[in-house]
Amino acid sequence: NNHKVQILMKLHVRITLAAILLLIAVPGSASPGNFRFGAEWGVLYNFISLEKSTFITADRYLVESSNVVRENHINGMLTVSAGYDIRNRVCISLCSGYLGAKKGERMVPLTLRTTVRLTRNPEDAGSLVFIESGAGFRKSSQISLLYRAGYGYRIPITGSVAVNVNASALFSLSHPDVYDKYSNQMVSKKNLGMSRAFNSGILLSLAIVF
């Protein structure tokens, strides 16, 4: 299991680096750009999770569970970001804050986002696309992996200040707490063998950027 997680983490890093290199190649000025800062608030609708776990019950039985869970659950997100325009229309940002990845699972994300503004003048109103990947941190839990890709529309407010309206898909590989239905309580850390969930959802958000 640890070997599989290591493989996923290496693949995660490679995909992130490849995406950044690809987006750097987008035509545009290579001259030094601007620093960008922002705050984003969103609502995440989780619609499905693939969960797998193993644990020892109070009676010392081994339980293995694998389920497809229809979440139909709404969570929230609030993050801040700081970035830099590496090209005229391409910005790389570091993002962190709060994320409800799934029901009962809240974490602190730390992600790297690459944004490409599709207008000729990057300060004009218009479309943008972005990809984002990184990690999610929970107390007393393994690190989660986060992936996000989406489309947005930039609405200039004044000067360099704008509001982005975003719609994106969010995927995460997390390690949720496990409920023991035989004892009607959560499985303790010492009795938990493995807990893994692949979660998917739709995230609608508003971001103020400047």
- Rank by packing, highest mean first: peptides 40-52, 116-128, with packing defined as the count of other Cβ atoms within 10 Å averaged across residues. 40-52, 116-128
- If one computes P(r) from the Cα atoms of the range 51-118, what percent of pairs lie at distances over 20 Å? 57 percent
- Using only the alpha carbon atoms of the range 106-197, find the Kirkwood hydrodynamic radius as the inverse mean reciprocal pair distance, in angstroms to one decimal. 16.0 Å
- Taking a ≥ b ≥ c as the square roots of the eigenvalues of the Cα gyration tensor, with a/c under 1.5 meaning rounded and otherwise prolate when a/b exceeds b/c and oblate if not, the range 31-149 is prolate
- Net charge near residue 40: determine it from the other residues with C-beta under 15 Å of the C-beta of residue 40, scoring Lys and Arg +1 and Asp and Glu -1. +3
- Around residue 107: net Lys/Arg minus Asp/Glu count, Cβ-Cβ under 12 Å: +3
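A short reminder: the numbers here are calculations on the coordinates, not readings from a lab. As the structure is a prediction and not an experimental result, all values here were calculated from the model. All Cβ positions, even for glycine, are placed from backbone atoms using ideal geometry, and neighbour counts span all protein chains on display.
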